[in-house]
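Here is the structure we will look at, set down as structure tokens.
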Amino acid sequence: MTGLGGITFGREIATAAARHGLDARLLAAVAAQETGGPGADSGRNVVGDGGHGHGLFQIDDRWHAFAATPAAADPAANADYAAGMLSGLLKRFGGDVRSALSAYNTGSPSAQGTVTAWPDGSRLGYADSVLRHLGRLGGALAGSRTSAPPPEAYTGAQAPSGAFAAAQLGPGQQPPLQPFRSFTSEMQAAGAACEDADRRMAAMIDPIDA
């Protein structure tokens, strides 16, 4: 359980990781990706994705009954549930960390998933963004088929400002549950708006077919 001293929810994450045989820093990197944002070393205990994502690891109540229970708001229980999911995915995909992370986000081991904008201009798919968090935490993926690329390997367009805001909390402090709109939910909302615009345009051009 080393490497998590002093970070928000470090004890809960490390305990869950040990229980499920995971690298604690990898689990912390997932929390940072889900509810922390670029530059964070852990996550926040929030409700996101239009009310569907719950807790530190944003467990989705549309797919997981656990997320609809009060335990989902408990960082320790939330971390334990996420650790169990990630451990199962690693076993399913033969220890391939990138595949397991992609499946955690999208259900598919090969999907790019949520794209995160980092302050240096990098735009990274879900798994690569988690691996960058892992590198910042000093984690290594010994024995895995995937390793984290060095920060200088990432390039991309300028990141928009205000995409994420990391919690500024001291060791042991726990932020309360609060409304939170994640990058994933913003992208889903934008996609829905585009689809609606397409339908309205089709109706104008050919009302019968639309």
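The values are calculated or read from the model by the stated rules, or taken from the named source; none is laboratory data. In this text, all values refer to a predicted model and were calculated from it rather than measured experimentally. Methodologically, a virtual Cβ is constructed for each residue, glycine included, from the backbone with ideal geometry; neighbour enumeration extends over all protein chains shown.
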>> Could you go through the range 94-101 and let me know if any residue there is farther than 18 Å from Gly48 by Cα, assigned to a helix (DSSP H, G or I), modelled with pLDDT of 90 or more and small (Gly, Ala, Ser).
In response: yes
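Among what's in the range 112-131 and is among the small types (Gly, Ala, Ser) and free of Cβ contacts under 8 Å to residues at least 40 places away in the same chain, pick the residue that is surrounded by the fewest Cβ atoms within 10 Å (Cβ to Cβ).
So the first thing to find is which residues in the range 112-131 are among the small types (Gly, Ala, Ser), and the list is 113, 117, 121-122, 125, 127, 129.
Imposing the further condition that a residue be free of Cβ contacts under 8 Å to residues at least 40 places away in the same chain reduces the set to 113, 121-122, 125, 127.
Working: Gly113: 23, Gly121: 12, Ser122: 20, Gly125: 19, Ala127: 28.
Within the range 112-131, the match that is surrounded by the fewest Cβ atoms within 10 Å (Cβ to Cβ) is Gly121.
Rundown of residues vs (1) at pLDDT 95 or above; (2) farther than 21 Å from Val97 by Cβ, yes/no style:
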position: Leu22; (1), (2): yes, no
position: Ala28; (1), (2): yes, no
position: Pro38; (1), (2): no, no
position: Ser42; (1), (2): no, no
position: Phe57; (1), (2): yes, no
position: Asp74; (1), (2): yes, yes
position: Ala77; (1), (2): yes, yes
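Against the definition (among the acidic types (Asp, Glu), in a helix (DSSP H, G or I) and surrounded by fewer than 23 Cβ atoms within 10 Å (Cβ to Cβ)), how does Asp41 come out, yes or no?
Numbers: among the acidic types (Asp, Glu): yes; in a helix (DSSP H, G or I): no; surrounded by fewer than 23 Cβ atoms within 10 Å (Cβ to Cβ): yes.
So Asp41 fails the test.
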